[in-house]
Amino acid sequence: MSSWISVSAWRKWWSPTNKVVHHLRLKGAIADARGPNLSLRSLEKALAAAFDKSKNQRLAAVAISINSPGGSPVQSSLIYGRIRALADENEVPVFTFAEDVAASG
């Protein structure tokens, strides 16, 4: 059995006016070290891409899922500061969600 979607329904769904929410999944310990850790250095490119309205004019918000046992308070502060700066600079709201663990850093 085939299923079809009408052209008008497709256009309504794939309209250039529909908004987009970027989703970032942050998983791992927060530390200034190489490897699977979360640090400003390891997240910089992903954060910049998520908030880049020049590449996606339909960007309505950024959602961040966090699953971390915590870690460095310095890196936590740097990451937070960069997220806030990008959100303010691009006028994009940020929504954060805890998954299994979202311990302090």
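Each value in this text was obtained by applying a stated rule to the coordinates, not by laboratory testing. This is a predicted model, so every value here is computed, not measured. So basically every Cβ, Gly included, is an ideal-geometry build from the backbone, and we count neighbours across all protein chains shown.
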Task: Over the stretch 18-102, equivalent-ellipsoid semi-axes from the Cα gyration tensor in Å - done: 23, 13, 11
- [ ] Treating cross-link reach as a plain straight distance, find the lysines whose alpha-carbon is under 24 Å from the alpha-carbon of residue 19, omitting any fewer than eight places away in the same chain.
- [x] 45, 53, 55
Open item on the list: Please give the charge dipole size of the stretch 18-102, origin at the Cα centre, charges +1 on K and R Cβ atoms and -1 on D and E Cβ atoms. Round to the nearest 20 debye.
Closed with: 260
Task: Full-stretch length increase - residue 104, residue 58 - with 0.36 nm per residue and alpha-carbon distance subtracted - done: 13.3 nm
- [ ] Would you work out the relative contact order for the stretch 18-102, in percent, from Cα pairs under 8 angstrom that are 6 or more residues apart?
- [x] 37
- [ ] Answer with one residue from 83, 94, 61: the one whose Cα lies farthest towards the positive end of the charge dipole of the stretch 18-102, charges on Cβ with Lys, Arg +1 and Asp, Glu -1.
- [x] 61
